[in-house]
Amino acid sequence: MDILVTGGLGFIGSHTVVSLIEAGYRPVIIDNLSNSDLSILQGIEAITGSSPVFFKGDVNDQALLSSIFEQFKISAVIHFAAFKAVGESVQKPLDYYQNNVGGLVSLLKSMKRYNVHHLVFSSSCTVYGEPEHIPVSEHESIKPASSPYGATKQMCETILQDVNWCHSQCLRYFNPVGAHSSAHIGELPLGVPNNLVPFITQTAAGIRKELVIFGSDYPTPDGTNIRDYIHVMDLASAHVASLNRLLKGENKHYFEVFNIGSGKGNSVLEVIHAFENATGVKVPYKIGDRRIGDVVQVWADTAKVTETLGWKPSRGIEEMMADAWRWQQQIQRNQELN
Ligand code: UFG
């Protein structure tokens, strides 16, 4: 079955493409390369031995979407293509609304025109804000968004609730990290990384002088923020499980949401120590000020996704760190060759 994967060369998209191919699906990728690189396509080929169909382009391009829906018998869409930097979204809110909200609307219009009624959507645990209950379940109330990025994810979920001809599953990701264990694909952060794990790997590699921990006076056991880190290959397999449910018609409602996390919380300091244990490499760090907008602690209640999709993550925090580090070293080898 042909599955349209928007943003299929991005961090989560590319790993999901690998899992789709391994599960017997045929991904058709559309990606504008705004936050990726064609080398990722070669990485996918190196892992799977097959080269997925790839279109360089934008989901806001209706003509391109039409030509793809006409050329392929698309059974479902997995929509990753979106901007994702919280800080940048405050600087460029309209770019975020246009790309993330406009992109989904454009995609849905094409899907309707070509009678494609199944969608897996990349959402985020950011919709919960600072949750009242931890672990946070899907029943938790949605809080006012603290950034335009968060607002776009909430709006997209609202749109999907309104569009009742489309069977959609919103996967609310916690903190995806790691890389494929082959180190053929992984995350390609642009410039200085905003996220913890790429910052750790670049610091360990000597590209950054030291990591700044954003606050150590939070009401948590060691004073640093707690997050739910999930290996990107576990996240990838959650997409396959979600897609299977939709395509078998097993969904109970046209709109369903699932938390996709490990169900475990790790503090910033615990992540640093896990990295050091897994790799034997030290990460120089210092304590800095809190970062505006950070929630104190959040991790997922994964009961619903385990019961409903039969999906469970299988990789622990040290494996996530070891794979992230292998990928960082591969990026450097690639740069030396070029
Ligand atoms: N952190 C540091 N130093 C850094 C980078 C991060 O101490 O240099 C800390 C942050 O303060 C936070 C933790 O590491 O406590 C994780 O930060 P990330 O930026 O890696 O991830 P966030 O939890 O802030 O954000 C992630 C995604 C967002 C999504 C959000 C939902 O990047 O897209 O989860 O909660 F919206």
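The values are calculated or read from the model by the stated rules, or taken from the named source; none is laboratory data. Fair warning: this is a prediction, and the values are worked out from it, not measured in the lab. All Cβ positions, even for glycine, are placed from backbone atoms using ideal geometry, and neighbour counts span all protein chains on display.
Please tell me if G223 is modelled with pLDDT of 95 or more and more than 10 Å from the ligand (Cβ to nearest atom). Yes: the conditions hold for G223.
The residue that is farthest from the ligand (Cβ to nearest atom), counting only those in region 178-207 that are at pLDDT 95 or above and of a type in the set (S, T, N, Q), is S182.
Kindly indicate whether any position in region 16-37 is in a loop (DSSP other than H, G, I, E, B), more than 16 Å from the chain's Cα centre (by Cα), at pLDDT below 95 and farther than 24 Å from N115 by Cβ. Yes, region 16-37 has at least one match.
Considering region 69-109, and only residues there that are closer than 19 Å to L247 by Cβ and part of a helix (DSSP H, G or I), the residue that is farthest from the ligand (Cβ to nearest atom) turns out to be F69. Screening the candidates E138, E132 for the property of being charged (D, E, K, R) and in contact with a helix residue (DSSP H, G or I) (Cβ under 7 Å, 6 or more places away or on another chain) yields one hit, E138.
So which residues in region 139-150 are within 11 Å of the ligand (Cβ to nearest atom) and surrounded by 20 or more Cβ atoms within 10 Å (Cβ to Cβ)? Across region 139-150, the qualifying residues are Y149, G150. Go through the residues of region 35-53 one by one and say whether even a single one is touching a Pro at 6+ places or on another chain (Cβ under 7 Å), in contact (Cβ under 8 Å) with a residue 12 or more places away in the chain and away from the ligand (no atom under 16 Å from the Cβ). Yes, region 35-53 contains at least one residue that is touching a Pro at 6+ places or on another chain (Cβ under 7 Å), in contact (Cβ under 8 Å) with a residue 12 or more places away in the chain and away from the ligand (no atom under 16 Å from the Cβ).
S122 passes every criterion in (1) touching a Leu at 6+ places or on another chain (Cβ under 8 Å); (2) away from the ligand (no atom under 15 Å from the Cβ) apart from (2). Annotation: of all residues in region 286-315 being assigned to a helix (DSSP H, G or I) and either touching a residue at least 60 places away in the same chain (Cβ under 8 Å) or within 16 Å of the ligand (Cβ to nearest atom) (or both), the one that is nearest to H231 (Cα to Cα) is V305. The set of residues in region 269-310 being out of contact with any strand residue (DSSP E or B) (no Cβ under 8 Å at 6 or more places or on another chain) and farther than 20 Å from F199 by Cα consists of A303, T306, E307, G310. Do we find that N195 is closer than 20 Å to G13 by Cβ and either surrounded by fewer than 24 Cβ atoms within 10 Å (Cβ to Cβ) or touching a Phe, Trp or Tyr at 6+ places or on another chain (Cβ under 7 Å) (or both) in this structure? Considered against the rule, which asks whether it is closer than 20 Å to G13 by Cβ and either surrounded by fewer than 24 Cβ atoms within 10 Å (Cβ to Cβ) or touching a Phe, Trp or Tyr at 6+ places or on another chain (Cβ under 7 Å) (or both), N195 comes out as yes. A Cβ distance below 6 Å, combined with a sequence gap of six or more or placement on separate chains, defines the contacts here; from region 122-141, residues that are under 22 Å from A82 (Cβ atoms) reach residues that are among the aromatic types (F, W, Y) and not in a helix (DSSP H, G or I) in the pairs S122/F80; S124/Y173; C125/F174. Evaluated against (1) surrounded by fewer than 18 Cβ atoms within 10 Å (Cβ to Cβ); (2) out of contact with any Phe, Trp or Tyr (no Cβ under 9 Å at 6 or more places or on another chain), H231 falls short on exactly one condition, (1).
Would a scan of region 301-315 turn up a residue that is closer than 27 Å to G215 by Cβ, among the aromatic types (F, W, Y) and within 19 Å of the chain's Cα centre (by Cα)? Looking through region 301-315, none of the residues is closer than 27 Å to G215 by Cβ, among the aromatic types (F, W, Y) and within 19 Å of the chain's Cα centre (by Cα).
Inspection of region 241-254 identifies no residue that is farther than 22 Å from V116 by Cα, touching a strand residue (DSSP E or B) at 6+ places or on another chain (Cβ under 6 Å) and outside any helix (DSSP H, G or I). When region 240-265 is filtered for residues that are of a type in the set (S, T, N, Q) and crowded, with 21+ Cβ neighbours inside 10 Å, the ones remaining, listed by number, are S242, N259, S262.
Consider Q335 carefully, then state whether it is part of a helix (DSSP H, G or I) and in contact (Cβ under 8 Å) with a residue 24 or more places away in the chain. The answer is no for Q335.
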